[in-house]
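The values are calculated or read from the model by the stated rules, or taken from the named source; none is laboratory data. These numbers were taken from a predicted model, which means no experiment stands behind them. For neighbour counting, all protein chains shown are included, and Cβ atoms are generated from backbone atoms with ideal geometry for every residue, glycine included. Surface accessibility is based on the protein's heavy atoms, side chains included, excluding ligands, DNA and RNA. Shrake-Rupley method; radii C 1.70, N 1.55, O 1.52, S 1.80 Å.
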Amino acid sequence: MKKVFKGLVIAAAMTMSAGVCLTAAADTAKLDQLLEQVKKDRLSEGKIDQAREQEFLSDRADKQALLNKAKAAFAAEEARGKSLTQQFADNEGKLAAKEQELQTAQGTLGEMFGIVRGSATETIGAIATSNISAQYKGREELLQKLSVAKELPTINELEELWIALQTEMTESAKVSKFSGEVVSLDGNKATANVVRVGSFNLISDNGYLVYNADTKEMQPLAKQPDSHILSASQNFASAPAGQVTPVYVDPTGGALLRLKTQEATLSEQFHQGGVPGYVITALLIIGLLISAVRYLALTSASAKINAQLKNLSNPNTNNPLGRILKVYHDNKSADVENLELKLDEAIMRETPSIEKGIGIIKLIAAVGPLLGLLGTVIGMIGAFQVITLYGTGDPKIMAGQISMALVTTVQGLLCALPLLFIHSMLQTKSNSVLHILDEQSAGIIAAHAEKEKA
């Protein structure tokens, strides 16, 4: 077995040795091929490197030429910069010398130049916004030019400045009529006859106009002033030349008229009272209606009683005194005590109809100021809420609530004052009627008592 095993080992070793020899031979052939390939690649890479080196050397020569050219240009520009710097310094010296020569040549004209510029600057605003510019346009253009001018004005410009200032002074003392374009509130333009009252106001057939310096156009007021002022202006605008006609003028040139347009009318002030104001107004109307009805009723009753006083023997039931006299005539046979009771009962029966409604008037007169106070409190609460939300920077934000507070107070007082006077008057009339009834009743009882004693 050992011999057999050794034989197998030897056979295997011989087989492996033969395989290794074959593999080594094959690898050697591949290595030879690889070596040949490396040699070929080396020759090819060498040629490529030589081509690249030649190209680099060529580019290097070009870049060197460009560098030399740039250095030459830089040197030239540097020399030019030094030359310009020197030239600038020389020009500065020449300018200073020329400025001195100009100041010397101007003499007192320099002061005139300052005066002209100052006058133009001070006047341009007044002339641009003046109502006279609505008739004489373009005067501010010369003033704008002179106000920014850097050279002496010419004789022509000085004359134009003189004419502009003289025109403003002369025309401010004249009442002039001219035809101009008026822009209505809806934007439409129309030609209208305009009367200019100095530099104060512009008036057309429809009322006062204002001149807009920004658009250089005449516009009607958003809201014309009170009717008597507007009527006077319209009469003045339509008056023939030479006729003396009074007119209201705005010495500020239209500023006051613009402020007047922001004033609330009576109707707007009424609506500022809000719900409390409406309630107060309703109560006032109710109180006035009741007062009117009761005044007519008491006046009629007083007239009928006065007529009845002239004919006491013939009672008429259309008046309180007649009905009381009828009670007397129906109970002439009664004793004094019974008759007195019956007459007192008749007077008590007439009293409610005579005093009817007077208490309600007094109640409304008392409630009106209380509602006004309620509106005041509501308005102040709203004002404080607005202050909490928006602060106190703009008083106009609080104006609506404060207006409500004040307007309701006024409405409450206006409700109470007339109703108090009316209540007093009606109370006096009713007391007068009741006094007549009591007086006649007492007289009847006294006469009846005398008859019984007799």
(request) Quick one: count up the residues across the range 314-344 that are assigned to a helix (DSSP H, G or I), free of Cβ contacts under 8 Å to residues at least 24 places away in the same chain and farther than 20 Å from Glu452 by Cβ. (result) 2
(message) Anything in the range 276-288 that is out of contact with any Ser or Thr (no Cβ under 9 Å at 6 or more places or on another chain) and in contact (Cβ under 8 Å) with a residue 24 or more places away in the chain? List them, or say none.
(response) Val279, Thr281, Leu283, Leu284, Ile286, Gly287, Leu288
(request) Tell me which residues, restricted to the range 242-285, are at negative phi and touching a strand residue (DSSP E or B) at 6+ places or on another chain (Cβ under 8 Å). (result) Val247, Val249, Asp250, Leu257, Arg258
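Rundown of residues vs (1) at pLDDT 90 or above; (2) open to solvent by less than 30 Å² (accessible area, probe 1.4 Å), yes/no style:
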| position | (1), (2) |
| --- | --- |
| Gly322 | no, yes |
| Asn331 | no, no |
| Ile358 | yes, yes |
| Ile381 | no, no |
| Val386 | no, yes |
| Gly391 | no, yes |
| Gly400 | no, no |
(request) Take the range 126-154 and flag every residue that is open to solvent by 40 Å² or more (accessible area, probe 1.4 Å) and either at pLDDT 80 or above or in contact with a Cys (Cβ under 8 Å, 6 or more places away or on another chain) (or both). (result) Thr129, Gln135, Tyr136, Lys137
(message) So the check is Cβ under 9 Å with 6+ separation or different chains; which pairs have a first residue in the range 206-223 that's of a type in the set (S, T, N, Q) and a second one that's exposed (fewer than 15 other Cβ atoms within 10 Å of the Cβ) and modelled with pLDDT of 80 or more?
(response) Gln219/Ser184; Gln219/Asn212
(message) Exactly one condition in (1) outside any helix (DSSP H, G or I); (2) over 18 Å from the mean Cα position of the chain (by Cα) is false for Gln385; which is it?
(response) (1)
(message) Among the residues in the range 178-189, are any part of a strand (DSSP E or B), among the β-branched types (Val, Ile, Thr) and open to solvent by 10 Å² or more (accessible area, probe 1.4 Å)?
(response) yes
(request) Go through Thr351, Thr376 for me and flag whichever is in a helix (DSSP H, G or I), among the hydroxyl-bearing types (Ser, Thr, Tyr) and either within 22 Å of Gln411 (Cβ to Cβ) or open to solvent by less than 30 Å² (accessible area, probe 1.4 Å) (or both). (result) Thr376
(message) Under 8 Å between Cβ atoms, which residue pairs at least 6 apart in sequence (or on different chains) link something in the range 294-313 that is open to solvent by 80 Å² or more (accessible area, probe 1.4 Å) with a partner that is at pLDDT 90 or above?
(response) Tyr295/Ile422; Tyr295/Met425; Tyr295/Leu426; Tyr295/Lys429
(request) Within the range 203-248, track down each residue that is hydrophobic (A, V, I, L, M, F, W, C) and open to solvent by 70 Å² or more (accessible area, probe 1.4 Å). (result) Ala222, Ala241, Val244
